[in-house]
Amino acid sequence: DGAPNDPGSDSDGYATSLAALVLCQRGYGTRDAPIRRAVAWIRRHQRASGRWYTRSLYSDRFQNYLSNMATAYAVMALSSCRATEP
(Lines give C-alpha, C1' and ligand atoms only; values in the text may rest on other atoms or scores of the structure.)
Protein backbone atom coordinates (compact mmCIF):
# COMPACT_ATOMS: atom_id res chain seq x y z
CA ASP A 1 0.00 0.00 0.00
CA GLY A 2 3.04 2.26 -0.10
CA ALA A 3 3.07 2.84 3.67
CA PRO A 4 6.53 2.82 5.28
CA ASN A 5 7.53 -0.13 7.43
CA ASP A 6 6.97 0.36 11.14
CA PRO A 7 10.13 -0.74 13.00
CA GLY A 8 8.06 -1.09 16.18
CA SER A 9 5.52 -3.50 14.72
CA ASP A 10 5.29 -7.17 15.56
CA SER A 11 7.50 -9.61 13.73
CA ASP A 12 6.29 -12.73 11.96
CA GLY A 13 7.56 -16.19 11.19
CA TYR A 14 8.46 -15.41 7.59
CA ALA A 15 10.56 -12.29 8.21
CA THR A 16 12.30 -13.47 11.36
CA SER A 17 13.12 -16.91 10.02
CA LEU A 18 14.32 -15.70 6.63
CA ALA A 19 16.57 -13.07 8.24
CA ALA A 20 18.04 -15.63 10.66
CA LEU A 21 18.57 -18.13 7.84
CA VAL A 22 20.45 -15.61 5.69
CA LEU A 23 22.59 -14.39 8.59
CA CYS A 24 23.53 -17.93 9.61
CA GLN A 25 24.42 -18.81 6.03
CA ARG A 26 26.75 -15.78 6.08
CA GLY A 27 28.56 -17.04 9.17
CA TYR A 28 26.63 -15.65 12.13
CA GLY A 29 25.74 -18.09 14.88
CA THR A 30 24.06 -18.51 18.23
CA ARG A 31 26.90 -16.61 19.90
CA ASP A 32 25.71 -13.48 18.09
CA ALA A 33 22.92 -11.50 19.79
CA PRO A 34 20.73 -11.06 16.67
CA ILE A 35 20.69 -14.82 16.10
CA ARG A 36 20.00 -15.58 19.76
CA ARG A 37 17.03 -13.19 19.67
CA ALA A 38 15.76 -14.62 16.38
CA VAL A 39 16.05 -18.21 17.58
CA ALA A 40 14.29 -17.32 20.84
CA TRP A 41 11.51 -15.65 18.85
CA ILE A 42 11.18 -18.65 16.52
CA ARG A 43 10.94 -21.05 19.45
CA ARG A 44 8.41 -18.89 21.32
CA HIS A 45 6.10 -18.48 18.35
CA GLN A 46 5.83 -22.02 17.05
CA ARG A 47 2.18 -22.99 17.14
CA ALA A 48 0.80 -26.19 18.63
CA SER A 49 0.34 -27.44 15.06
CA GLY A 50 4.09 -27.15 14.59
CA ARG A 51 3.77 -24.24 12.16
CA TRP A 52 4.72 -20.58 12.27
CA TYR A 53 1.88 -18.25 11.34
CA THR A 54 2.38 -15.35 8.95
CA ARG A 55 -0.49 -13.17 7.81
CA SER A 56 -0.57 -12.33 4.14
CA LEU A 57 -0.23 -8.62 3.44
CA TYR A 58 -1.95 -9.18 0.12
CA SER A 59 -5.01 -11.21 0.94
CA ASP A 60 -6.23 -13.44 3.75
CA ARG A 61 -7.04 -16.05 1.10
CA PHE A 62 -3.29 -16.70 0.78
CA GLN A 63 -2.32 -16.89 4.46
CA ASN A 64 -1.54 -20.59 4.26
CA TYR A 65 1.06 -19.97 1.56
CA LEU A 66 3.02 -17.50 3.69
CA SER A 67 2.63 -19.65 6.79
CA ASN A 68 3.98 -22.61 4.84
CA MET A 69 6.95 -20.51 3.73
CA ALA A 70 7.46 -19.23 7.28
CA THR A 71 7.48 -22.79 8.58
CA ALA A 72 9.99 -23.88 5.96
CA TYR A 73 12.26 -20.91 6.71
CA ALA A 74 11.99 -21.48 10.47
CA VAL A 75 13.08 -25.11 10.15
CA MET A 76 15.88 -24.13 7.76
CA ALA A 77 17.01 -21.28 10.06
CA LEU A 78 17.12 -23.50 13.15
CA SER A 79 19.14 -26.05 11.21
CA SER A 80 21.48 -23.55 9.53
CA CYS A 81 22.07 -21.73 12.83
CA ARG A 82 22.63 -25.09 14.53
CA ALA A 83 19.95 -24.16 17.03
CA THR A 84 17.99 -27.40 16.94
CA GLU A 85 18.39 -28.03 20.67
CA PRO A 86 16.13 -26.10 23.09
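The values are calculated or read from the model by the stated rules, or taken from the named source; none is laboratory data. Given the structure is predicted, the values throughout are model-derived calculations rather than measurements. Heads up, the Cβs are rebuilt from the backbone with ideal geometry, glycines too, and the neighbour counts pull from every protein chain shown. The area values use the complete protein model at the heavy-atom level, side chains included, leaving out ligands, DNA and RNA. Shrake-Rupley method; radii C 1.70, N 1.55, O 1.52, S 1.80 Å.
Within the full protein context, the accessible area of L66 is estimated at about 40 Å² for a probe radius of 1.4 Å. How charged is the neighbourhood of A74? Take every other residue with its Cβ under 12 Å from the Cβ of A74, and add Lys/Arg as +1 and Asp/Glu as -1. The answer is +3.
Charge tally around R37: other residues with Cβ under 13 Å, Lys/Arg +1 each, Asp/Glu -1 each, net +3. Take the Cβ atoms of Q25 and A3, set R0 to 25 Å, and the FRET efficiency comes out at 0.25. Relative to the longest principal axis of the Cα atoms of the chain, helix 33-44 runs at roughly 60 degrees.
Ligands, DNA and RNA are left out, and with a 1.4 angstrom probe the accessible area of the chain is 73 Å² per residue.
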